[in-house]
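Asks: Structure below; questions to follow.
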Amino acid sequence: IAHRGASRERPENTLPAFERAADLGAGAVELDVHATSDGQLVVHHDPTLPGGFPRRAIRSLTLAAVREFRTEGAPIPTLEEVIATVGGRLRIYCELKGAGTVGLAAAALAPLGDRAAVHSFDHRMVAEAARIAPALARGVLETSYHRDPCFPMRDVGARDLWQHEALIDASLVAGVHAQGGRVIAWTVNDPERARALAAMGVDGLCTDDVETIRRVTGA
């Protein structure tokens, strides 16, 4: 899974990064979305845009205003543009960030069927996605190792546990699999760690370095 596209080689969360990920043989891309003031979803990691002071919040800007900004020289795309560009080649994992993203993302991703999913650190958004788009696959992002790692998934009806790679061991993977879930490790850039995680049976490796991680794991 190419983290924000092939972000080692191209500006993250841009069409060139997603196209490069496809060219490198990634199976999927992970991206971040925020809603503009006029109800459009743009693909960008931070809630604010680069350049100027104070930094401008995406939620306060129209899509036309966002178009005036760049990520390392590359235009900031909409989710619809990403889907049109690589949706036929790559699975899309969409991280929900900020108010107003759930319904817009669900509608945009619906035509992709099982080739799309949403996830978030804000598990309330995952629960909202379960309510309004139950057919859309969902995941929860975690930086904690819970006594019951499956609890956050069950709580909001998630399929995937997006677990920080340093907090994954064979017991966690086995426990999630026993409950019918999947484990996606983020963000995995060290080749030896990637091999170890693959040997544990994780279901996805989210990485900035698609070429290296594919090579060392045989993915």
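The values are calculated or read from the model by the stated rules, or taken from the named source; none is laboratory data. The structure presented is a predicted model; accordingly, all values stated were derived computationally and were not measured. Cβ: placed from backbone, ideal geometry, glycine included. Neighbour counts: every protein chain shown. Surface areas here come from the heavy atoms of the whole protein model, side chains and all, with no ligands, DNA or RNA. Shrake-Rupley method; radii C 1.70, N 1.55, O 1.52, S 1.80 Å.
Asks: Can you run the Rg to Rh ratio on the chain? Use alpha carbon positions and the Kirkwood inverse-distance Rh.
Replies: My calculation of the ratio gives 0.96.
Asks: Here's a follow-up. What's the extension gain from Thr187 to Ala99 if we count 0.36 nm per residue and subtract their Cα-Cα distance?
Replies: 29.2 nm
Asks: Moving on to the next point. Please work out the FRET efficiency for the pair Asp203 and Thr143, using the Cβ-Cβ distance as r and a Förster radius of 25 Å; give the result to the nearest 0.05.
Replies: Result of the calculation: an efficiency of 0.85.
Asks: Pop a pseudo-label 7 angstrom from the Cα along the beta-carbon direction at both Asp155 and Ala178 and give the gap in nm to one decimal.
Replies: For Asp155 paired with Ala178, the spin-label model returns 2.1 nm.
Asks: Using the heavy atoms of the protein chains and a 1.4 angstrom probe, tell me the accessible area per residue for the stretch 71-147 in square angstrom.
Replies: 45 Å²
Asks: Sticking with the crude label model, points 7 Å out along Cα→Cβ, report the distance from Ile132 to Glu72 in nm, one decimal please.
Replies: Reported label-point gap for Ile132 and Glu72 is 3.2 nm.
Asks: Compute the relative contact order of the stretch 1-134 as a whole-number percentage, counting only Cα pairs closer than 8 Å that sit 6 or more residues apart in sequence.
Replies: Computed value for the stretch 1-134: 23 percent relative contact order.
Asks: Distances over 19 Å make up what percent of all Cα-Cα pairs in the stretch 18-146?
Replies: 49 percent
Asks: Based on the Cβ-Cβ distance from Ala65 to Leu167, what FRET efficiency comes out when R0 is 35 Å, to the nearest 0.05?
Replies: The value I calculate is 0.35.
Asks: A further question on this structure: Enumerate the amide H contacts of Thr48 below 5 Å, restricted to partners 5 or more residues apart or on another chain; note that Pro and chain-start residues carry no placed amide H.
Replies: Those lying under 5 Å, H to H, from Thr48 are Ile58.
Asks: What's the Cα-based Rg to Rh of the stretch 1-88, Rh via Kirkwood?
Replies: 0.97
Asks: Something else: After finding the eigenvalues of the alpha carbon gyration tensor for the stretch 160-219, what semi-axes result from the square roots of 5 times each, listed largest first in whole Å?
Replies: For the stretch 160-219, the ellipsoid semi-axes come out as 19, 10, 10 Å.
Asks: When a/c is below 1.5 the answer is rounded, else prolate if a/b is larger than b/c, else oblate, so apply that to the stretch 1-52 with a ≥ b ≥ c taken from the square roots of the Cα gyration tensor eigenvalues.
Replies: prolate
Asks: Per-residue HN-Hα couplings for the stretch 32-45, Karplus 6.51 cos²θ - 1.76 cosθ + 1.60 at θ = phi - 60°, whole Hz, x for Gly and Pro?
Replies: Karplus values, whole Hz, x for Gly and Pro: 10, 10, 10, 8, 7, 5, 9, x, 10, 9, 10, 9, 6, 6.
Asks: Quick one: grab Rg to one decimal and Dmax as a whole number for the stretch 112-163, Cα atoms only, in Å.
Replies: Calculated on Cα positions, Rg and Dmax stand at 10.5, 35 Å.
Asks: Something else: Please give the peptides 58-65, 13-20 ranked by average Cβ packing (other Cβ atoms within 10 Å per residue), highest first, as a rough proxy for protection.
Replies: Averaged packing, sorted descending, gives the order 13-20, 58-65.
Asks: Where Rh denotes the Kirkwood radius from the mean inverse Cα pair distance, what is Rg over Rh for the stretch 112-207?
Replies: Answer for the stretch 112-207: 0.96.
Asks: Here is a follow-up. Of the residues Ala57, Ala116, Ala130, which exhibits the maximal mean-square fluctuation in a Gaussian network model of the chain defined by a 10 Å Cα contact cut-off?
Replies: The residue with the greatest mean-square fluctuation here is Ala57.
Asks: In deg cm²/dmol and to the nearest 500, what is the mean residue ellipticity at 222 nm of the chain if only DSSP H runs of at least 4 residues count, each as -39500 (n - 2.57), divided by the residue total?
Replies: Calculated mean residue ellipticity at 222 nm is -9000 deg cm²/dmol.
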